[in-house]
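Reading through the structure tokens given below for one structure.
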Amino acid sequence: MQDSVSKRKKIRALVIISFLLLLIYAKNLIERSSFKEISRAFSEVYDDRLVVKGYIFDISENLFNIQELIDHCDLDYDYSNIIDEITTSENEILDIIAEFENTKLTEEEAEYLSDFKEIIQNDLNIKSYELLYSDSSGVNIEQVKSYDEKISRARKDLEGLSDIQLSEGKKVMGKAKSLINRSQIWAQFEVALLLLILIVLYLLLFKNFSSKEETDQ
């Protein structure tokens, strides 16, 4: 009878231990998934946010160069190749945009980028230097002013894109932080489960030892 009770207790203890081990295994599977998500989150911050920040900076530099050339900011500058220089800067911008388009874009980003690309390809596609300057009348103020307005619109698109990088980066980092906090909770849960297993094993072994002593007496 006593052996039967002891056997039932052992089976119960083994069932409990098996259940706890299954919980630990399930926890490890969840942890693996969480770490993959954290890795993806940090990869997204780098590939789609920090790298894009660099794209926006390079585009701004080229756009600034175009505006300086259009506005004839440097009176001592040789403007004989101005159209070629503007075209070169615009092509560099379009190359960067092509790389930008390969990143993970939000709907708002795609709209800003599309508008910006249209300005560069169509509105600032200057074919003749005479649109900017002629020997008889000098700088064409009205035309230059029109181009400056288009450049201002392009800058607003860039500002919008830059703001999105900041807000989206915060979202991704917030998600990563949430996953890390969840991982810490699961780690504490695992420690608690291991302690329970140790307690069950201790009770199982201690009771067996006590039962043997009683039997010997």
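The values are calculated or read from the model by the stated rules, or taken from the named source; none is laboratory data. Please read these numbers as outputs of a predicted model, since none were measured by experiment. Here Cβ is always computed from backbone atoms with ideal geometry, including for glycine, and neighbour counts include all displayed protein chains. Just so you know, the surface numbers come from the protein's heavy atoms only, side chains and all, with ligands and any DNA or RNA stripped out. Shrake-Rupley method; radii C 1.70, N 1.55, O 1.52, S 1.80 Å.
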Please pick out the residue among SER60, SER146, SER114 that is surrounded by 15 or more Cβ atoms within 10 Å (Cβ to Cβ), small (Gly, Ala, Ser) and part of a helix (DSSP H, G or I).
SER60
If I ask for residues that are in a loop (DSSP other than H, G, I, E, B) and buried (at least 18 other Cβ atoms within 10 Å of the Cβ), which ones from the stretch 97-111 would you list?
LEU105
Name the residue that is surrounded by the most Cβ atoms within 10 Å (Cβ to Cβ), counting only residues in the stretch 63-85 that are without any contact (Cβ under 8 Å) to a residue 60 or more places away in the chain and of a type in the set (S, T, N, Q).
ASN65
Would you be able to say whether some residue in the stretch 32-54 is modelled with pLDDT of 70 or more and aromatic (Phe, Trp, Tyr)?
no
Show the residue pairs meeting these rules: Cβ distance below 8 Å; 6+ apart or different chains; first residue within the stretch 169-184 and within 21 Å of VAL51 (Cβ to Cβ); second residue open to solvent by 100 Å² or more (accessible area, probe 1.4 Å) and at pLDDT 70 or above.
GLY169/LEU50
Being hydroxyl-bearing (Ser, Thr, Tyr) and out of contact with any Asp or Glu (no Cβ under 6 Å at 6 or more places or on another chain) is the filter; apply it to the stretch 63-105 and report the residue that is farthest from VAL144 (Cα to Cα).
THR88
Condition first: of a type in the set (Val, Ile, Thr) and either under 14 Å from ASP71 (Cα atoms) or outside any helix (DSSP H, G or I) (or both). Now tell me which residues in the stretch 149-187 satisfy that.
ILE151
